[in-house]
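Report on the following structure.
The values are calculated or read from the model by the stated rules, or taken from the named source; none is laboratory data. A quick note: this is a predicted structure, and the numbers were derived from the prediction, not measured. Note that each Cβ is placed from the backbone with ideal geometry, even for glycine, and that neighbours are counted across all protein chains shown.
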Amino acid sequence: MKFIFPQNYNLKSKLFGIFDYSTIFLNVFWDLFIFLLIQLVNNLNLKIFLFLIFSFPLFLFSFFGFNGENINYILKYILIFIFKNKILLFKK
C-alpha cells in the first residue's frame, strides 16, 4: 500500500508520538532547576509539594498544549509580548 503525504505536511519526530524533543529538554531543564532549588528545604513533604507545584503545570501545558503548538514557541511569544507589548498591540 502506498501512502501519499501532502507537501505542506510537517512530519516532526516526537517521543511516544506526543512530546517534541525540544519540549522534553525544556521540561527536564526546568525540573532539574526546581529540584536543585528545593534541596535547600529540609522537610521532605514540603520538598515533594513544592516540586509538584512548580513542575506539574509546565508538564501539563507541554502534554496538552495549545492546539498542538510547541510549548517553546508559546513561551517565546509570551516573552516577546512582555518586553514589546506596545509593538504587538498598536501595529497596524
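For a quick check of your reading: which helices (runs of 4 or more DSSP H) sit entirely within the chain and have at least 1 residues that are modelled with pLDDT of 85 or more?
Filter on the chain gives 21-38, 44-64, 71-83.
Does region 48-70 hold any residues that are in contact with a strand residue (DSSP E or B) (Cβ under 8 Å, 6 or more places away or on another chain) and either basic (Lys, Arg) or crowded, with 16+ Cβ neighbours inside 10 Å (or both), and which are they?
Of everything in region 48-70, those that are in contact with a strand residue (DSSP E or B) (Cβ under 8 Å, 6 or more places away or on another chain) and either basic (Lys, Arg) or crowded, with 16+ Cβ neighbours inside 10 Å (or both) turn out to be 62, 70.
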